[in-house]
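Q: One structure coming up, written as structure tokens, with questions to follow.
Only the coordinates and a few stated rules stand behind these numbers; no lab work does. Quantities reported herein were computed from a predicted structural model and do not represent experimental measurements. Cβ placement follows ideal geometry from the backbone for every residue including glycine, while neighbour counts extend to all protein chains displayed.
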Amino acid sequence: MKKIIIGGGRAGRDLAAQLPESVIIEINPEKREKLLGLAGVEVIIGDGSDEELLKRVGLDDAEAFISLTGNDDVNYRAAAIAKKYGVPKIIVRVEDPEDRERFQKLGIEFIMFPTRIVANLISDMMRSGFDASVETRTHFEKILVPILSKNTVDKAFKEALFVASVARAEVTAVSSMEIDRQEMESRAMEMGVPLKILSEEEKLMDIIKKHLHYPGCIILDILKEHSYHPDCIIIDHEELGILDKLFNRSVVLKLIKCASCPVLVARTFRYYERVLALLDSSDISASVGRHAVQIAHSCGAELHLLILEIVPGELIDGIKKMGEKGNVRIIEKWIEGNPGIEAVKEVKSGKYELAVIPWRGTGVIRSDLIGKIVNDAPCSVLTVV
């Protein structure tokens, strides 16, 4: 099935070169010559927000619609038409973050803010010569996704691609032969994310030393003596029944407990716009703050700090300093009531796409509270060790 790309600029041209059966619609006839050199790509000169033109191109048969012009109004009109005709995947470039709300109301799931992301990236380069040690860069260079089912491809793998695309990371997926490998590779290519798929045919078990066995799945924790060391593991959330919660039968919590790197429980499946960090008196809070700033910086998101008890002043000052370096807007909120109740209430408010919390902390955020947040949060949750 075809992919329709609106805008034949550099981004549209490079994307079309990687996607078979693409159609580029470009309004500027002077760009035709450069675009005609793309093998297997149909080039049409015209207005990408013209409904009749889009229908003639084959909007009814499109599997993806990607609007990449530098004009938010054109991208909005084009996306609205694609939404009207039921295109299953719509990806839109938005220049002005103030336009975010109207695209969200339209129901667009994939919204990119390249100006903010690029500004942060250039700021990194100016400060450090693009040194990977810069403290505001996301240190997720290798992301592991255990593919447990087709459902995981549509959830955890999808979110991993979003995280990897802004973190400039590679994704390794551990999968069985029943999963559609070609679909995963196509999705990664669309997002510009390097992907490696390990399957049982490649003697997967040879690289597994520790694993948890549950009916129908194997969840991995790679040891450092093996060749692959993930910086983050991204997995599906679970739908737990009352008895599962009572008897602590959570695969996700067991994985988090034994993992030696941060674990992200996926629920958002798009770029983060508001990140919440839960801070207590635990030593891990410094790491929580650092990861939260790094992710907010990479996504161009704003960061909300929920401070649950008295913490050292230098902790908050350090997080603020990182935020200033990374052009991250930080909003503080100090809790006056019961910290556990207020923490759960804030996470469940629906205002955030990601909550960052400590694991194995010594402050007020203990295992029972962590379990409740991981199991019940409506957003994605990143546990930091």
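Q: Given N residues in the range 3-112, what is Rg(Cα) / (2.2 N^0.38 Å)?
A: In units of the globular-protein estimate, the range 3-112 measures up at 0.98.
Q: On the first, second and third principal axes, largest extent first, how far apart are the outermost C-alpha atoms of the range 274-384 in Å?
A: Projected onto its principal axes, the Cα set of the range 274-384 covers 35, 28, 23 Å.
Q: Just in the range 24-66: which GluC sites (Glu not before Pro) are loop by DSSP and have at most 13 other Cβ atoms within 10 Å?
A: Passing both the DSSP loop test and the Cβ count: Glu63.
Q: In addition: Between the range 276-309 and the range 322-382, how many Å separate their Cα centres?
A: Cα centres, the range 276-309 to the range 322-382: 8 Å.
Q: Run the dipole for the range 274-384 about the Cα centre, Lys and Arg Cβ at +1, Asp and Glu Cβ at -1, nothing else charged, and hand back the magnitude in debye, nearest 20. The partial results should precede the final answer.
A: Numbers: 13 positive and 14 negative charges, 59 e Å.
That gives the range 274-384 a dipole magnitude of about 280 debye.
Q: To continue, here is another question. For a quick check: sort Leu315, Leu53, Leu195 by the number of other beta carbons within 10 angstrom, fewest at the front.
A: Fewest-to-most ranking of Leu315, Leu53, Leu195: Leu53, Leu315, Leu195.
Q: Now for a different question. Quick one: which residues, 5+ away or cross-chain, put their amide H under 5 Å from the amide H of Cys379? H built at 1.01 Å from N.
A: Under 5 Å from the amide H of Cys379: no residue qualifies.
Q: Which ordering of His139, His297, His229, His291 is given by a fewest-first count of other beta-carbon atoms within 10 Å?
A: Going from least to most buried by this count: His229, His139, His291, His297.
Q: A 30 angstrom limit on the alpha carbon distance is what I want to check against. Which of Lys196/Lys254; Lys84/Lys333; Lys158/Lys321; Lys84/Lys348; Lys3/Lys196 exceed it?
A: The answer is Lys84/Lys333; Lys158/Lys321; Lys84/Lys348.
Q: Hey, another quick one. Could you go through the range 342-354 in sequence order and give the Karplus-derived ³J(HN,Hα) for each residue, using 6.51 cos²θ - 1.76 cosθ + 1.60 with θ = phi - 60°, rounded to whole Hz, and x for Gly and Pro?
A: Calculated HN-Hα couplings, in order: 5, 5, 5, 4, 5, 4, 7, 5, x, 8, 10, 9, 8 Hz.
Q: Report the charge-dipole magnitude of the range 3-112 in Debye, nearest 20, computed about the Cα centre from +1 at each Lys and Arg Cβ and -1 at each Asp and Glu Cβ.
A: 160
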